[in-house]
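Everything on this sheet refers to the single structure shown next.
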Amino acid sequence: MSITRLEPEERLSGAVIHNGLVYLAGQVADDATLDAQGQMEDILRQVDAILAKAGTDKSRLITVQIFLADMADMAGMNRAWDAWLDKGNKPARATVEAKLADPSWKVELTGVAAQA
């Protein structure tokens, strides 16, 4: 079975496709000066783009893990999530508080989607 790596960088690939599944690397906002809602909106635009490159979309998400630097940002993150979510195809989701690699990041998201 083949493995396809999308958006390879020095230490990781933005996504890896294997056996009909798309594994997303941790996605963070391009603009770390935004609040949690703005960072999440930016992340979700990135997710849409990488899923499109993989030949799928958010309706095919299976599971998502969201990491918040501070749980106080949960409401803002959820506003962005709720506006973006495909209501008919909700993935399994976990949200945890975690120390992120860069202190300016408020949100990080990773997940797995099925190819279309």
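The values are calculated or read from the model by the stated rules, or taken from the named source; none is laboratory data. Remember, predicted model here, so these are calculated numbers, not experimental data. Positions of Cβ are backbone-derived with ideal geometry, glycine not excepted, and every protein chain shown enters the neighbour counts.
Things worth noting here:
- Complete set of residues in region 13-32 that are of a type in the set (G, A, S) and assigned to a strand (DSSP E or B): S13, G14, A15, A25, G26
- The residues in region 33-45 that are surrounded by fewer than 18 Cβ atoms within 10 Å (Cβ to Cβ) and over 17 Å from M71 (Cα atoms) can be counted, and the count is 2.
- Subset of region 78-98 [in contact with a Lys or Arg (Cβ under 8 Å, 6 or more places away or on another chain) and surrounded by 13 or more Cβ atoms within 10 Å (Cβ to Cβ)]: W84, L85
- Within region 55-77, residues that are buried (at least 19 other Cβ atoms within 10 Å of the Cβ) have Cβ atoms under 7 Å from residues that are modelled with pLDDT of 95 or more and aromatic (F, W, Y) in these pairs: A69/W105, counting only partners at least 6 apart in sequence or on another chain.
- Cβ-Cβ distances below 6 Å connect the following pairs, each with a first residue in region 85-114 that is more than 15 Å from Q39 (Cα to Cα), a second residue that is of a type in the set (S, T, N, Q), and a separation of six or more residues or different chains: D86/S59; N89/S59; P91/T63; A92/T63; A94/Q65; G111/T63; V112/T63; A113/T56.
- For M1, the stated conditions hold: it is more than 24 Å from G88 (Cα to Cα) and either among the aliphatic types (A, V, I, L, M) or in a loop (DSSP other than H, G, I, E, B) (or both).
- Among the conditions (1) under 15 Å from the mean Cα position of the chain (by Cα); (2) closer than 25 Å to G20 by Cα, the only one that D82 does not satisfy is (2).
- Evaluating E10 against the criteria (1) assigned to a loop (DSSP other than H, G, I, E, B); (2) touching a helix residue (DSSP H, G or I) at 6+ places or on another chain (Cβ under 6 Å) leaves one unmet condition, (2).
- The number of residues in region 92-116 being among the aliphatic types (A, V, I, L, M), farther than 14 Å from I62 by Cβ and over 11 Å from the mean Cα position of the chain (by Cα) comes to 4.
- In region 33-88, residue nearest to L100 (Cα to Cα) [restricted to those that are in a strand (DSSP E or B) and among the aliphatic types (A, V, I, L, M)]: L68
- Flag for L21 being of a type outside the set (G, A, S), within 14 Å of the chain's Cα centre (by Cα) and surrounded by 14 or more Cβ atoms within 10 Å (Cβ to Cβ): no
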